[in-house]
Amino acid sequence: MSNPQHIDYFLQMKAPDKPSFQDVCSGLMVTHRVSRLSPNTQYIFRLAVKNKAGRSDWSPEVVYQTTRQPPPAVTGLVCCQMSTSSLTLQWEAVDISDVDGSLIYELQCSYPGSESNFRQIYRGRDTSYTVESLQSGTTYRLRVRTCLVNGVGAGSFCPQPLYGSFSRAIEIITLAENPVSVASLKEVAADNKESSSHPLENSETKQSLSQTLWFDTSSTILPVVMLGVLIVALFIGYLLS
């Protein structure tokens, strides 16, 4: 903002740890940003102006309080259990021993068809939660953040709650309706290997095949032997006659 009347402003501030007011700024500008303040702390301000006629008295004192320090972000969000229709999430507890207020957690989930839009599914003090009524074999994205409230129950909203940063979102896929176990996969692989191997590799097949060959061979040799015996007998009869 400009200062068309060319009035000088003098701003002073009194901090809780200071015995008197301290100069903050002076000049023609009508706005000033005061930095390096402590969170959740009251500061007292007063203002004076000066023009060609001289300097005014100090304005009435005003008190402003900085906001509370945001709670730390949540870490360690993992899925510790899943089924075809539910996911159990847990995360690490946040220490707020140096922050005023009561801490609660807010868990959000994005559902299929609205991956970019997260919906709140839990709000409370526990560090774990089971999401139910989910679709099997479906991907869900989840994230959690902290929230500071004062004197309000975990299930309620208080005026101007103070939120921490969201945790890193994780993607979880629920189990399919009929999951194939590792043992079943091994059995299928073993059956395929056995069916593709040579029949002679099986001892029972060897024995059965050898018996078949023996019967086939014996049924062929027996008529030949009988024919030879008959020919010899006829030859001996011829000689004796």
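Can you tell me which residue in the range 1-34 is surrounded by the fewest Cβ atoms within 10 Å (Cβ to Cβ), limited to those that are β-branched (Val, Ile, Thr) and in a loop (DSSP other than H, G, I, E, B)?
Here is the first cut: in the range 1-34, the residues β-branched (Val, Ile, Thr) are 7, 24, 30-31, 34.
With in a loop (DSSP other than H, G, I, E, B) added as a condition, the list becomes 7, 30-31, 34.
Working: 7: 13, 30: 10, 31: 7, 34: 13.
Top of the filtered list is 31.
Have a look at 49, 74, 63 and point out the one that is β-branched (Val, Ile, Thr), assigned to a strand (DSSP E or B) and open to solvent by less than 60 Å² (accessible area, probe 1.4 Å). Working first, answer last.
Details: 74 fails: assigned to a strand (DSSP E or B); 63 fails: open to solvent by less than 60 Å² (accessible area, probe 1.4 Å).
So the residue among 49, 74, 63 that is β-branched (Val, Ile, Thr), assigned to a strand (DSSP E or B) and open to solvent by less than 60 Å² (accessible area, probe 1.4 Å) is 49.
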* To do: Give just the number: which of (1) open to solvent by 70 Å² or more (accessible area, probe 1.4 Å); (2) of a type in the set (Ser, Thr, Tyr); (3) not in a strand (DSSP E or B) does residue 85 not satisfy?
  => (1)
* To do: Could you tell me which residue of the range 162-188 is farthest from residue 148 (Cα to Cα), considering only residues that are open to solvent by less than 60 Å² (accessible area, probe 1.4 Å) and modelled with pLDDT of 80 or more?
  => 176
* To do: Quickly run through the range 84-96 and pick out the residues that are of a type in the set (Ser, Thr, Tyr) and within 15 Å of the chain's Cα centre (by Cα).
  => 86, 88
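For residue 12, are the conditions met, namely being over 30 Å from residue 149 (Cβ atoms) and within 51 Å of the chain's Cα centre (by Cα)?
On the way: over 30 Å from residue 149 (Cβ atoms): yes; within 51 Å of the chain's Cα centre (by Cα): yes.
Yes.
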* Taking the condition within 23 Å of residue 148 (Cα to Cα) and outside any loop (DSSP other than H, G, I, E, B), does residue 37 pass? -> no
* **Boolean, residue 94 is among the aliphatic types (A, V, I, L, M), closer than 22 Å to residue 165 by Cβ and in contact with a Gly (Cβ under 9 Å, 6 or more places away or on another chain)** => yes
* Asked: Mind checking which residues of the range 41-68 are touching a residue at least 60 places away in the same chain (Cβ under 8 Å) and out of contact with any Gly (no Cβ under 8 Å at 6 or more places or on another chain)?
  -> 67
* Asked: Give me the pairs: first residue in the range 27-40 and without any contact (Cβ under 8 Å) to a residue 40 or more places away in the chain and closer than 14 Å to residue 12 by Cα, second residue open to solvent by 60 Å² or more (accessible area, probe 1.4 Å) and assigned to a loop (DSSP other than H, G, I, E, B), beta-carbon distance under 8 Å, and six or more apart or on different chains, which are they?
  -> 30/1; 31/1
* Out of the range 110-146, which residues are open to solvent by less than 50 Å² (accessible area, probe 1.4 Å), among the charged types (D, E, K, R) and in contact with a Ser or Thr (Cβ under 7 Å, 6 or more places away or on another chain)? -> 145
* Structure fact -> Of the residues in the range 45-82, those that are over 47 Å from the mean Cα position of the chain (by Cα) and among the basic types (Lys, Arg) come to 46, 50, 52, 55
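The values are calculated or read from the model by the stated rules, or taken from the named source; none is laboratory data. Values in this document were obtained by computation on a predicted structure and should not be read as measured data. Every residue, glycine as well, gets a Cβ built from its backbone with ideal geometry; the counts of neighbours run over all protein chains shown. Quick note on the areas: whole protein, heavy atoms, side chains included, nothing else; ligands and nucleic acids left out. Shrake-Rupley method; radii C 1.70, N 1.55, O 1.52, S 1.80 Å.
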